[in-house]
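Some notes on the structure that comes next.
The values are calculated or read from the model by the stated rules, or taken from the named source; none is laboratory data. Please read these numbers as outputs of a predicted model, since none were measured by experiment. Positions of Cβ are generated from backbone atoms using ideal geometry, with glycine treated the same way; all protein chains shown enter the neighbour counts.
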């Protein structure tokens, strides 16, 4: 199949995690998380900004770019990051089996009800920008 070069505003990845239910047994959660696409430079700034937060907390020297810029990470929490970076989702349903439309309010509710999704959604942003893994 030919590669068609076109700007894609969304980067997406399948979120497939298992959490503990109220009875202690595993509950499978599977849906597609959609994120606003970022350029390689923006991704590098985010990664270096996160690293600089850690470095500053440990009183280490910060990453400084060749142009003198010091990348900063402007998010107070992983949840703040997710709220800004997520653009949508596919396959999220309510208890009746109806699709739940993506919105800021529905994202807030999902993160409140399922805090176990914070880490997969945060790391999913970066994984969505890496490309799919190849099978051997």
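Restricted to the range 28-49, and to residues that are in a strand (DSSP E or B) and surrounded by fewer than 14 Cβ atoms within 10 Å (Cβ to Cβ), which residue is farthest from the chain's Cα centre (by Cα)?
28
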Residues of the range 82-110 classified as more than 18 Å from residue 28 (Cβ to Cβ), out of contact with any helix residue (DSSP H, G or I) (no Cβ under 6 Å at 6 or more places or on another chain) and in a helix (DSSP H, G or I), total: 8
Would you check if residue 15 is touching a helix residue (DSSP H, G or I) at 6+ places or on another chain (Cβ under 6 Å), modelled with pLDDT of 95 or more, closer than 30 Å to residue 90 by Cα and surrounded by 12 or more Cβ atoms within 10 Å (Cβ to Cβ)? yes
Residue identified as within 23 Å of residue 108 (Cβ to Cβ) and out of contact with any strand residue (DSSP E or B) (no Cβ under 8 Å at 6 or more places or on another chain) among 73, 35: 73
Within the range 1-19, count every residue that is in a strand (DSSP E or B) and free of Cβ contacts under 8 Å to residues at least 60 places away in the same chain. 3
Inside the range 66-81, the number of residues satisfying the requirement of being touching a helix residue (DSSP H, G or I) at 6+ places or on another chain (Cβ under 8 Å) and surrounded by 11 or more Cβ atoms within 10 Å (Cβ to Cβ) is 8
